[in-house]
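> Pasting in a structure now, in structure tokens, and then I'll have a few things to ask.
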Amino acid sequence: MIQSLSLPTILDTRAGPITLRRAHTDDIAAVLGFLYDDPISQARGDSYDPADRAVYVGALEEIAQSPQNELVVAENAEGTVVGCLQLTTIPGLSRRGGTRLLVESVHVASQFQSSGIGGAMMKWVMEVAAPAVGAAMIQLTSDKSRKDAHRFYLRLGFIDSHAGFKHRVG
């Protein structure tokens, strides 16, 4: 169960220590800021409208209530949320009934990128979170245009092994 992860936890980065903790509703604006402060999101016309806050609160509550999901934020010593990621466990029959740990929405605030925060978060996923939930594999997707992100994941030992497909509903 992903909610059995021991959080909060402190990680060292070149930007100083960060605390990984479960997201709460006060973090919504910061997390959406990361998600939408991005050329791909902007090209889709995505943006955060505070009038939609109830929708986002409902989504975060659904994540928090699911034993297979966790939205994690990284907070610096000043109390600023500087990064986030979402973890989802997926039980399966392949790999001898192995559980996959899906990592989504990995973001670091633009002013803190290249400071080791993303690497520290992903190493925590690989070294702590995945074993804690009994994952046989960690998987993630990254938009094809995110070449820097691809190099980042390759440096961490991920392999570019599959093509991903999406179908927009509605």
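The values are calculated or read from the model by the stated rules, or taken from the named source; none is laboratory data. Note that the structure is predicted; figures quoted are calculated from it, not measured. All Cβ positions, even for glycine, are placed from backbone atoms using ideal geometry, and neighbour counts span all protein chains on display.
> Report yes if S105 is outside any strand (DSSP E or B) and small (G, A, S), otherwise no.
No, not satisfied.
> Any chance segment 140-162 includes a residue that's surrounded by 12 or more Cβ atoms within 10 Å (Cβ to Cβ) and within 23 Å of H24 (Cβ to Cβ)?
no
> Could you tell me whether L7 is surrounded by fewer than 17 Cβ atoms within 10 Å (Cβ to Cβ), in contact with a strand residue (DSSP E or B) (Cβ under 9 Å, 6 or more places away or on another chain), within 25 Å of M137 (Cα to Cα) and in contact (Cβ under 8 Å) with a residue 24 or more places away in the chain?
The answer is yes for L7.
> Could you tell me which numbered condition T19 fails, if it satisfies all but one of (1) touching an Asp or Glu at 6+ places or on another chain (Cβ under 8 Å); (2) within 26 Å of D143 (Cβ to Cβ)?
(2)
> Inside segment 96-120, can you point out the residues that are charged (D, E, K, R), surrounded by 17 or more Cβ atoms within 10 Å (Cβ to Cβ) and over 16 Å from I2 (Cα atoms)?
Answer for segment 96-120, where residues must be charged (D, E, K, R), surrounded by 17 or more Cβ atoms within 10 Å (Cβ to Cβ) and over 16 Å from I2 (Cα atoms): there is none.
> Moving on to the next point. Which condition does G16 not pass, out of (1) at pLDDT below 95; (2) on the phi > 0 side of the Ramachandran plot, if it passes all the others?
Here G16 clears every test but (1).
> Return only the number of the condition from (1) free of Cβ contacts under 8 Å to residues at least 60 places away in the same chain; (2) part of a strand (DSSP E or B) that C84 does not satisfy.
(1)
> What number of residues in segment 108-135 are at pLDDT below 95 and in a strand (DSSP E or B)?
0
> Give the number of residues within segment 30-77 that are under 22 Å from L20 (Cα atoms), touching a Leu at 6+ places or on another chain (Cβ under 6 Å) and either assigned to a helix (DSSP H, G or I) or without any contact (Cβ under 8 Å) to a residue 40 or more places away in the chain (or both).
1
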